[in-house]
Amino acid sequence: MGESRRLLSFSAGPALWPDTVLESVSEGLLPSAGGGLSVLEWSHRGEAYGRLHQRALERLRRLLGVEPSHEVLLLPGGATQQFAMVPANLRPPGGSADYLVTGHWARRASEYAARTGAINVVASSEDEGFSRIPPPERWRLDPRAAYFHLTTNNTIAGTQLHRLPRREAVPLVADVSSDVLLRDLPVANFDLLYAGAQKNLGPAGLAVVVIRRSLIEALAHGPEGVLGYRDHARSGSRLNTPPTALVFLLERMLAWIEAEGGREEMVRRARARAALVYDALDRHPDVYRLSVRREDRSVANVVFGLHSAEEERAFLAAAAAEGMVGLAGHRSVGGLRASLYAAMPVAGARRLAALIDAFAHRHRGAKNVSAPAPGGEGA
Ligand SMILES: Cc1ncc(COP(=O)(O)O)c(C=O)c1O
């Protein structure tokens, strides 16, 4: 790697990678590490790739606590592809599916399902700008639904479903892209879980799917081949050429997570990071705006703002001057957002908290003497 300054990324994904993983990836790509061939050149049907593929699956099983009742799949296409695969596989012709609409991605998932069949919106907080999770007393579940889909963490709104529903008669499906490994997820409670890997697990363009084996057996009406869970499961996620390079990257990231202490340690760090950043913001209510209801705050994505776009630009400039990037809110909502995924060191959150404090003090000082905002003219 060159001499350029290492930046600390708070991006919502693709997210920060630990330097040690980047080094292990660089070395691992070389032919000398791969028996004379780069891992990129390995045959996807060969033994060496088979071992790597298996290792990635086993690490996921251990990290997520997946019981033999469930299958783990590695599928190309990211989380959005799952928006389409879930209804295609799980909803029979003429059937309907339940969707809890708690944010942009939850709505997108419901829109995908609505293109090809009936859905029931269980509850939505869109009218409140997705600033809260609709209370369970307001959910209108359909007891005949083919499945109930929810999003455990809303990456753009910065809310998290802290109280997960218990699985009852209807299969429970969840998009866990942004908080997988950042919370204790009762995997056995779900019939299908999926996560785009680019936030907490590594590379973009790959989805991890955990699906109940008895559900796969029951997918008589679902599509065959690459669009069907059944055939992917039967082939051990090697139905066609799998994204071998992405699986290699995933395996390296998972190895790091296990070496760092696994899920328990990831959950501990997630809480520590979120506490640092929220506490700093809460110390300065005159400077920072937090519109998310306190009980629904996300440990993965801290969404906040200042009192004008100019002040927000000044904050971004002050962060960039200290090597912290990726803090602008999603383009659909603006404001600011700090994404605190698995690879973010607690020390990184501490650096951001220090900036939040320092910026607030400078901001107040500047206001008192009516000097320009820190960072110059506010871009
Ligand atoms: C919760 C959630 N679901 C789905 C997606 C879409 O993921 P992908 O771009 O991998 O399709 C995102 C992207 O940020 C997300 O945050």
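Number of residues in region 151-197 that are surrounded by fewer than 24 Cβ atoms within 10 Å (Cβ to Cβ) and outside any loop (DSSP other than H, G, I, E, B) equals 4. Checked against (1) over 30 Å from Ala218 (Cβ atoms); (2) in contact (Cβ under 8 Å) with a residue 24 or more places away in the chain, Glu67 meets all criteria but (1). Comparison of Gly46, Gly77 shows that the only residue that is more than 22 Å from Leu340 (Cβ to Cβ), within 16 Å of the ligand (Cβ to nearest atom), of a type in the set (Gly, Ala, Ser) and out of contact with any helix residue (DSSP H, G or I) (no Cβ under 7 Å at 6 or more places or on another chain) is Gly77. Taking (1) closer than 23 Å to Gly28 by Cβ; (2) out of contact with any His (no Cβ under 6 Å at 6 or more places or on another chain); (3) touching a residue at least 60 places away in the same chain (Cβ under 8 Å) in turn, Thr244 satisfies each apart from (2). Does Pro92 satisfy the criteria of being within 16 Å of the ligand (Cβ to nearest atom) and open to solvent by 20 Å² or more (accessible area, probe 1.4 Å)? It is false that Pro92 is within 16 Å of the ligand (Cβ to nearest atom) and open to solvent by 20 Å² or more (accessible area, probe 1.4 Å). Taking the criterion of being without any contact (Cβ under 8 Å) to a residue 60 or more places away in the chain and charged (D, E, K, R), the only residue of region 327-348 that qualifies is Arg331.
The one condition from (1) away from the ligand (no atom under 16 Å from the Cβ); (2) of a type in the set (A, V, I, L, M, F, W, C); (3) farther than 23 Å from Glu224 by Cα that Trp105 does not meet is (1).
Name the residues in region 114-137 that are under 21 Å from the mean Cα position of the chain (by Cα) and open to solvent by less than 50 Å² (accessible area, probe 1.4 Å), would you?
Ser124, Ser125, Phe130, Ser131, Ile133, Pro134
Criterion applied to Leu206, Leu239 was being modelled with pLDDT of 95 or more, in contact with a Gly (Cβ under 9 Å, 6 or more places away or on another chain) and open to solvent by 50 Å² or more (accessible area, probe 1.4 Å), and the one residue passing it is Leu239. The set of residues in region 259-288 that are open to solvent by 50 Å² or more (accessible area, probe 1.4 Å) and touching a residue at least 24 places away in the same chain (Cβ under 8 Å) comprises Arg263, Arg271, Asp279, Arg283, Asp286.
Residue count for region 1-19, restricted to those that are open to solvent by less than 80 Å² (accessible area, probe 1.4 Å) and either assigned by TED's automatic domain parsing to the domain that holds Gly205 or modelled with pLDDT of 95 or more (or both): 12.
If only residues of region 52-80 that are farther than 19 Å from Leu239 by Cα and basic (Lys, Arg) are counted, the one that is most open to solvent (accessible area, probe 1.4 Å) is Arg62. Return yes or no: is Ala145 within 26 Å of Arg271 (Cβ to Cβ) and either part of a loop (DSSP other than H, G, I, E, B) or open to solvent by less than 10 Å² (accessible area, probe 1.4 Å) (or both)? So Ala145 does not fit the description; no.
The values are calculated or read from the model by the stated rules, or taken from the named source; none is laboratory data. Remember, it's a predicted structure, so these values are computed and weren't measured experimentally. Backbone-built Cβ (ideal geometry, glycine too); neighbour counts: all protein chains shown. In case anyone asks, the SASA skips ligands and DNA or RNA and just uses the protein heavy atoms, side chains included. Shrake-Rupley method; radii C 1.70, N 1.55, O 1.52, S 1.80 Å.
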